[in-house]
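The values are calculated or read from the model by the stated rules, or taken from the named source; none is laboratory data. Worth saying up front: this structure is predicted, and the values here are computed from it rather than measured. Cβ placement follows ideal geometry from the backbone for every residue including glycine, while neighbour counts extend to all protein chains displayed.
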4 protein chains.
Amino acid sequence: MIVVMKDETPPSEIERIINELQGWDVVPEKLVGKNKIVIGLVGETAAIKSEYIQQISPFIEETIRVKKPYKRASLEFRYGEYSTVTVVTPNGKVDFGKDSPLVVIAGPCSVENEEMIVETAQVVKAAGAKFLRGGAYKPRTSPYAFQGHGESALDLLAKAREVTGLGIITEVMDTADVDKIANVADILQVGARNMQNFSLLKKVGATGKPVLLKRGLSATIEEWLMAAEYILAAGNPNVILCERGIRSFDRQHTRNVLDLSVVPVLRTLTHLPITIDPSHATGKSQYVPTMTMGAIAAGTDSLMIEVHPNPAKALSDGPQSLKPQEFQELMLEVKPLAQFFGRGTKSLQSQTLSQFVTKDYSKV
Amino acid sequence: MIVVMKDETPPSEIERIINELQGWDVVPEKLVGKNKIVIGLVGETAAIKSEYIQQISPFIEETIRVKKPYKRASLEFRYGEYSTVTVVTPNGKVDFGKDSPLVVIAGPCSVENEEMIVETAQVVKAAGAKFLRGGAYKPRTSPYAFQGHGESALDLLAKAREVTGLGIITEVMDTADVDKIANVADILQVGARNMQNFSLLKKVGATGKPVLLKRGLSATIEEWLMAAEYILAAGNPNVILCERGIRSFDRQHTRNVLDLSVVPVLRTLTHLPITIDPSHATGKSQYVPTMTMGAIAAGTDSLMIEVHPNPAKALSDGPQSLKPQEFQELMLEVKPLAQFFGRGTKSLQSQTLSQFVTKDYSKV
Amino acid sequence: MIVVMKDETPPSEIERIINELQGWDVVPEKLVGKNKIVIGLVGETAAIKSEYIQQISPFIEETIRVKKPYKRASLEFRYGEYSTVTVVTPNGKVDFGKDSPLVVIAGPCSVENEEMIVETAQVVKAAGAKFLRGGAYKPRTSPYAFQGHGESALDLLAKAREVTGLGIITEVMDTADVDKIANVADILQVGARNMQNFSLLKKVGATGKPVLLKRGLSATIEEWLMAAEYILAAGNPNVILCERGIRSFDRQHTRNVLDLSVVPVLRTLTHLPITIDPSHATGKSQYVPTMTMGAIAAGTDSLMIEVHPNPAKALSDGPQSLKPQEFQELMLEVKPLAQFFGRGTKSLQSQTLSQFVTKDYSKV
Amino acid sequence: MIVVMKDETPPSEIERIINELQGWDVVPEKLVGKNKIVIGLVGETAAIKSEYIQQISPFIEETIRVKKPYKRASLEFRYGEYSTVTVVTPNGKVDFGKDSPLVVIAGPCSVENEEMIVETAQVVKAAGAKFLRGGAYKPRTSPYAFQGHGESALDLLAKAREVTGLGIITEVMDTADVDKIANVADILQVGARNMQNFSLLKKVGATGKPVLLKRGLSATIEEWLMAAEYILAAGNPNVILCERGIRSFDRQHTRNVLDLSVVPVLRTLTHLPITIDPSHATGKSQYVPTMTMGAIAAGTDSLMIEVHPNPAKALSDGPQSLKPQEFQELMLEVKPLAQFFGRGTKSLQSQTLSQFVTKDYSKV
C-alpha cells in the first residue's frame, strides 16, 4: 500500500503521518521521487481501509494498494518511477537506471594473480568499463575444480581498484564472508545458484551495499523479484537485477538461453535497474558480441562481460571470455549503439587504447 | 561430402564429373556460389574415399566431409557461403539473406474479411513491409475456436496481393491443402506445431516454393535444421528459418521465450536465412517493439510482425497484434536501426502514411 | 453443459428432449453411463440459462456447466464416470479403462519384414500382450533415416494379426494415409510430434476407430486434452491417452522424463483411459522394466512396450527395445503386480513360453 | 581411481599400501565392502600409471580408473557395491540402502508448536515412520511469509525425539546454523534451493552427520551427484539423495514433475541411497498416495511424506500435507507393496493406531 502526498505537503506533516502510521502494525517508508513523495506501507495492510488513512491528513492525495506479492520491488510502490542505484567508486559516482547511460562491467571470471587482474582492469577501464568483475570465491560444479583464491583474491581486487579507480563487483557465497567482501567490493554479487539462498539475501540486505542479483537457472520472474524483495525488505534499496540466461532443453550450442524479453517485462513490473550478462548466458565468447548488441537494443541499463587476458589458460570459464582486443573492438560498437538509443556517455568513449593493445595477449 | 571445383573449371567438365558421380550411389548437386562452384554429395558417402573422387578430374580442388547430420542445410555444404532466398512478388524480387536488406513481413493472425485484409495490406505496405501474412487455415488449441476461413480466405489473400503487390505468406497445415495454397502464396509457412510433421515437410519440399519453417515449441536447433533438411532433401532449396519463441517454465508474462541467440548460433551452422517473430514469442503487443529492436541488433534477416486493424476484436491472437499506428511507429524506429547495422533499404522508407493514419482504427 | 436425467426417465422422453435441444444452437449427445443417462451439450451454452432447460421436462434432474475448455473429454461431461474404450480384435474384445484389467501393447518400433513381425507378435502374445505395435510409417528426425516400409508394412501387420489374432496399433502421420491404415489397424496411433496436427486429429476423429493419442514432447496436460477434444468433437469417443515422456533440461541419461503423475491428475480431469509408454520415455531398455512397474503402481490402464527380436540390429529405436526374453521376464513380474492392484487378468497369464524361448534371438 | 585388494590381503599390508600411496599426491581412502576391500584414490591420478601401483604390492588385484567426474559418489568407486547409510536414532539404528527395508520419513512442513509436533510425531511413528521431518528454518519465496520458528523449533524437535524415539530430520539453510542444528537433528537436510550452495555443502560435509540432499529444481543428475561429491569430499560418506520433482513447462496441476526414472538411472551411476518426496513433487496431497506407490514400485529406498494435523491451517505447504488419517491409510497400502518388492519390515507394521485416530484432527 502506498500513500501519495500532495505536492505542497510540508516535511513536518510527512513526518507526523509516518509517526502516526507506525502505530498501525505496518512499516512506513518515505520514498522521495522526482515528481512525488510517497509513503510505502508494508505489513498487514489488508485490514486497513483507505478511508482511515485519508483521515490522517488533508495532505494525502490518494492511497493505492500494491497487489503484487513483491511490494517494495514493484513499480507501483514507487508510484511508477524507476529507481537509480548509485554506486560510489574511486573514479566517481556511477548510476544504474533506466534514465542513465549504459554501464559496462567487465573482467575475468576469477581473480588469478595480481598482474592478471590489474592489467585486465586497466584494459577494460581504457575501453570504457566502469566496474571490474572478478571472482574471489567461485561456485564450481565440482569440488575438485578451482574454488577461487578467496581472501587473498580480495586483496588483489582492492589493489586493482586502487590502481584503476574502477568499482569492484565480486560474488559472495557464504553469509560468513559477507562482511569481509563488503569491505572491498563496491557491489556484492549474488550468483544464480544462490538466488534463493534466503539467509544470504537477508545478510547482503543488511549491509546496505549495492547488490547485483543474478536470476536463478530456472527462476521465474516473480521468484526473482521476490528474491530482490528479501534484500529490499532488509532495508537495502540498492538492488540491480541481472539476467544471465535460463536453463532450457537445448544446451548443445549455448549454455543457457538469454531471455532478453525480461527487459520490457521487468519495466512493467519493477523500478529496479537491469543488467544483462551475455557471457554466462551463451557460454561461448563468439556469441557474446551479438548478444551484447541485442541486449542494448532491448534496453538494458548495464552489461556484464567476461574478459580474460588469455582465455585458453583461464582457471575458470575460459570459453566464454573475450580477449582484451575482442572486448575493445566490441566496445567500439557498443558506444555508437548506446548513443543511438540515447544511452551514450563520455565514459564509454574509449580512452587512448594504444598503450594496451600493443601488448600481445596471445602470448601471456 | 562436397567436391570443391577449381576456379577455371569448364562447365562441361563439371557436368562430366556430376555424371560420373551419379554412378556412385550418391546424389550430386551443383551449387554455384559467389566464389566457388561446389558439387554436394548426399547419400552413402562414408565408404567413398576422398582419393577416389580426386582421381575423377584434375579440376577438383578438394573434397570435404560434412559431419553434421543436416547435410544440405549445413554451412559447409555451401563451402561457407550464406544463401539468399529470392521470392518473386508482384512488386518485384525480394531477397532474404545475411547480405540483403532487412525484410519485414506483417499482417493479421487470420484473414477475417476482405476489407480488413486489404486495408491491413495497404497499411503495412505503406509502412515498409514487403510481405503480407494472414492465416487461412489456423492451428488452434481448441476445436471450438475459430479455425480460419480456409479456401475463401485464400481468395481474399489473392485479392490483397493484387491490390498491393505484396508477397503473400500463409500457413499450410495439411498435405491435402498444399497445392491450393501454393497457388496463392508466395511463401508457404510451416507452423511450430507442424515442424516435425514430416509428411508435410516432404510435400512443401516437393513444391519448390519458398518455405518459412517455424521452430517447434521445444525443438532443439539440431531438430529444426533436420526439419529444414527434409525440405531441402525434397529438392527445395528455398527455406527460411523462423524463431518464434520456445517453451519455458515461466509463462506468466510472455507466452514463450524468444531465443535471439539462435541468430549467431545459426550463422555458424547453416547458410539458411533467418526470420524472427516477436509477436508469437512474447504473445503481448506491448513487448513486440522492444524485441523487434533486439532482433535487428542480433542480426536477423527478416521480421514477422502481427498487425491487426482492431486487436480487441480479432478472431485470433488479438493480444499480440500491433495496431496499424503502432506498427507505423515501430517501422519508423526499425528503419534507422537497420541502417545502423547496414541492413537498410529504400523499401523500408515509409511511403506517404497520411492517407492511412487518418482512419480511426479504434472504431473499426 | 450437461443435462442429467432422472433414473425413471422413459427413452422416448429423452429423445424428445434431445430433439428440442437441437433447436437451441447446441449439439446434444446422449451419454449412457452405468448410473445415469446424461445429455451433453456443446456449443454456445453460455447464453442458455439452466432454468430454460429445466422447463423442457420434469424428468430433468439437474443441469451442470462444464467449465473446462475440453468439454467432451472432461470427467464432468460424463457425470464423473470413467469411460471404457472397447477394441474388437480377432481374439475378442479388449477393454481399456480404469475398471478394466491392465492391457499390454508390445512390439517393435518398425515393421521390418514378415518373419520378424510375425514372430515378435507370437512372442508378445504368448507373454500376455493383447496388441501388437509396429510402425509402417515412421516419424524420423532425419530425412535420411529409415522412414518405414509404408504400405507393404501394413500388409505384414495384417498378416501378423491374422496369424496371432492380436489387435494392431500403428502410427498415422498423414491425412492422406488415414483410410488405408484404418483398414488394417485396430487402433490408430497419433504420435507425439503430431499431437497438435489438427488436420490429422480431425481426420482420425472422423474414422470412428479407436485412437491412441500420444502426449506431445512439451505439451501441457490441458493442450493434450484439447487435442483429444478434437477427436471427440469429430464424433469419435474412442480415445486413449498415452504418456511417453516429456522433454526436460536433462537428456543425458533418459531421452525424456516419464511424467507418471499424469495418471492421478488425469483421473481428476478426464474420463479417458490412459496408457504409459516407458520405452520412448526412457529411451533405454535397461530402465523399461522399472518404469513399467512404477506405471502400474501409479494406476495406468495400459502399457506400450517396445520389443524387438534383435535390438542391436533394429532399423529404428533399438536401444529402447526389450529382447523377447526380457519382455517375457518382465511380464512375469507385471502379472502379479497388476493383480496386487486389482488389475489382473487371465490374459496376462503367460501361455506356454517354451516354444519361443528356445529360439536364440541373439543370433537373429 | 580404485585399487582392488585380493581377498586374502592382510590388514597390515593394506595399511602399508595406503601409507605408500599418501606420498603420491592423492588422497587414499579404505573402503570395506561386503565382497572386497578397495582403496579409493582421489586427486591427480591422471599421471599415475596402473603399472606403478601394481608394483607396490602383490596383493593388489587390479586398479580401475573412475571416469565419472563424481569420483566418491560413483558406483565404480565402491567397486559396484551399494552403500548403506546407517542413522542412529533413540529407537535404534535405521539403514537407508538398496538392500534395506523401505524407510518412511514423515511430518509437517514446519514445526508450529509443541503439541502439534509431538502429536504428529506420535501419529507417524504409530503408522510406521522411522523419522520425523519438521522445518525450523524455512526457505520461503516471500520474505513476508512465515520463516520458521528457528532455534525454538529445534527445541521442540528435540522434545518430539525424546517422547517418540524417532530420528529427526530438519533443513539447514545457513552455514552459521549448521552446528546448532546438528546438535538436534539425526539427519541434516539440504533443500532444493541450496543444492548448489557449495559453502553449505562443505560445512555439512565437515559435520559427518547423515545428510539428505534434495535435487535442485532444475538440476541435472550429474550436477546433483557433483553436489553430493562436495559432501563426500569433505569426509562425510553419509549422503542420501532425495528426488522432489523438477521444474517443467506445465505447472498447472502439479507443482513439479516427479522424475521417478532417477531411481533406475542412479542405480547405474552411484552407490548412494535414494529417497522420494512425493509431497513437494506434486504439491497436492490428493496425488501423494498414488505417487508414493509409484515410487515404491520404481524401487526407492525411502519416502519423505508431509503430514499435518490440520493442513487447512498449516503455516506452510498445507495443500500438499496429508491428514494423519490419510497417512495412516496410505501406510496400510505401503506396507504390503513394500513386502511385494521384498522391502518389507516389521517397523512398517502399524502399531495400535486406535489411540490416535480417535482424535478429531479436523478441529485442531
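Here are the numbers:
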{"quantity": "Within the range D:254-289, considering residues that are among the aliphatic types (A, V, I, L, M) and under 27 Å from D:Pro309 (Cβ atoms), the one nearest to the other protein chains (Cβ to nearest Cβ)", "calculated": "D:Leu258"}
{"quantity": "From the options C:Arg161, C:Arg193, residue that is within 9 Å of chain B (Cβ to nearest Cβ), closer than 23 Å to C:Ile305 by Cβ, touching a residue at least 24 places away in the same chain (Cβ under 8 Å) and not in a loop (DSSP other than H, G, I, E, B)", "calculated": "C:Arg193"}
{"quantity": "Matching residues, the range A:109-154, being within 28 Å of A:Leu217 (Cα to Cα) and small (Gly, Ala, Ser)", "calculated": "A:Ser110, A:Ala129, A:Gly134, A:Gly135, A:Ala136, A:Ser142, A:Ala145, A:Gly148, A:Gly150, A:Ala153"}
{"quantity": "For B:Asp177: the one exception among (1) more than 14 Å from every other protein chain (Cβ to nearest Cβ); (2) without any contact (Cβ under 8 Å) to a residue 60 or more places away in the chain", "calculated": "(1)"}
{"quantity": "Qualifying positions in the range D:214-253 - of a type in the set (Gly, Ala, Ser), more than 9 Å from chain A (Cβ to nearest Cβ) and not in a loop (DSSP other than H, G, I, E, B)", "calculated": "D:Ala228"}
{"quantity": "Lone qualifier among D:Ile221, D:Ile187 - being of a type in the set (Val, Ile, Thr) and under 19 Å from D:Asp95 (Cα atoms)", "calculated": "D:Ile187"}
{"quantity": "Failed item in (1) part of a helix (DSSP H, G or I); (2) out of contact with any helix residue (DSSP H, G or I) (no Cβ under 9 Å at 6 or more places or on another chain), with C:Val288 passing the rest", "calculated": "(2)"}
{"quantity": "Residue in the range D:275-298 that is surrounded by the most Cβ atoms within 10 Å (Cβ to Cβ), counting only those that are in contact (Cβ under 8 Å) with a residue 60 or more places away in the chain and not charged (D, E, K, R)", "calculated": "D:Thr275"}
{"quantity": "Single unsatisfied condition, C:Val184 versus (1) crowded, with 23+ Cβ neighbours inside 10 Å; (2) away from every other protein chain (no Cβ under 12 Å); (3) of a type in the set (A, V, I, L, M)", "calculated": "(1)"}
{"quantity": "The range B:103-118 - residue that is part of a strand (DSSP E or B) and not hydroxyl-bearing (Ser, Thr, Tyr) and, of those, farthest from the chain's Cα centre (by Cα)", "calculated": "B:Gly107"}
{"quantity": "Test: residue in the range D:340-355 that is out of contact with any Phe, Trp or Tyr (no Cβ under 7 Å at 6 or more places or on another chain), facing another protein chain (nearest Cβ under 10 Å) and at pLDDT 95 or above", "calculated": "yes"}
{"quantity": "Residues of the range B:27-72 satisfying the condition of being of a type in the set (Asp, Glu) and either part of a loop (DSSP other than H, G, I, E, B) or without any contact (Cβ under 8 Å) to a residue 12 or more places away in the chain (or both)", "calculated": "B:Glu44, B:Glu51"}
{"quantity": "Residue that is touching a strand residue (DSSP E or B) at 6+ places or on another chain (Cβ under 6 Å), among the β-branched types (Val, Ile, Thr) and within 14 Å of another protein chain (Cβ to nearest Cβ), where the choices are A:Val38, A:Val26, A:Val124, A:Val94", "calculated": "A:Val26"}
{"quantity": "Those residues of the range C:254-277 which are within 14 Å of the chain's Cα centre (by Cα) and outside any helix (DSSP H, G or I), in sequence order", "calculated": "C:Thr270, C:His271, C:Leu272, C:Pro273, C:Ile274, C:Thr275, C:Ile276, C:Asp277"}
{"quantity": "Condition check for C:Ala121: assigned to a strand (DSSP E or B) and of a type in the set (Gly, Ala, Ser)", "calculated": "no"}
{"quantity": "Residues that are closer than 20 Å to C:Lys335 by Cα and either buried (at least 24 other Cβ atoms within 10 Å of the Cβ) or of a type in the set (Asp, Glu) (or both), drawn from the range C:91-119", "calculated": "C:Val94, C:Asp95, C:Phe96, C:Asp99, C:Leu102, C:Val103, C:Val104, C:Ile105, C:Ala106, C:Gly107"}
{"quantity": "The lone exception for D:Ile169 - which of (1) assigned to a strand (DSSP E or B); (2) within 23 Å of A:Val172 (Cβ to Cβ) it fails", "calculated": "(2)"}
{"quantity": "Search result, residues across the range C:299-315 that are farther than 23 Å from C:Glu112 by Cβ and surrounded by fewer than 24 Cβ atoms within 10 Å (Cβ to Cβ)", "calculated": "C:Gly299"}
{"quantity": "Pairs with Cβ under 9 Å, 6+ apart, first in the range C:121-136 and modelled with pLDDT under 95, second assigned to a helix (DSSP H, G or I)", "calculated": "none"}
{"quantity": "Some residue of the range C:164-171 being in contact (Cβ under 8 Å) with a residue 24 or more places away in the chain, over 16 Å from the mean Cα position of the chain (by Cα) and more than 14 Å from chain B (Cβ to nearest Cβ)", "calculated": "yes"}
{"quantity": "Residue identified as under 22 Å from the mean Cα position of the chain (by Cα), polar (S, T, N, Q) and at pLDDT 95 or above among A:Ser152, A:Ser100", "calculated": "A:Ser100"}
{"quantity": "Single residue of D:Ala126, D:Ala136 found to be buried (at least 20 other Cβ atoms within 10 Å of the Cβ) and within 27 Å of A:Ala227 (Cβ to Cβ)", "calculated": "D:Ala136"}
{"quantity": "Any hit, the range A:6-18, residues being modelled with pLDDT under 90, not assigned by TED's automatic domain parsing to the domain that holds A:Ala234 and not basic (Lys, Arg)", "calculated": "no"}
{"quantity": "Residue among A:Lys209, A:Lys203 that alone is more than 14 Å from chain D (Cβ to nearest Cβ), free of Cβ contacts under 8 Å to residues at least 60 places away in the same chain, closer than 22 Å to A:Lys138 by Cβ and not in a strand (DSSP E or B)", "calculated": "A:Lys209"}
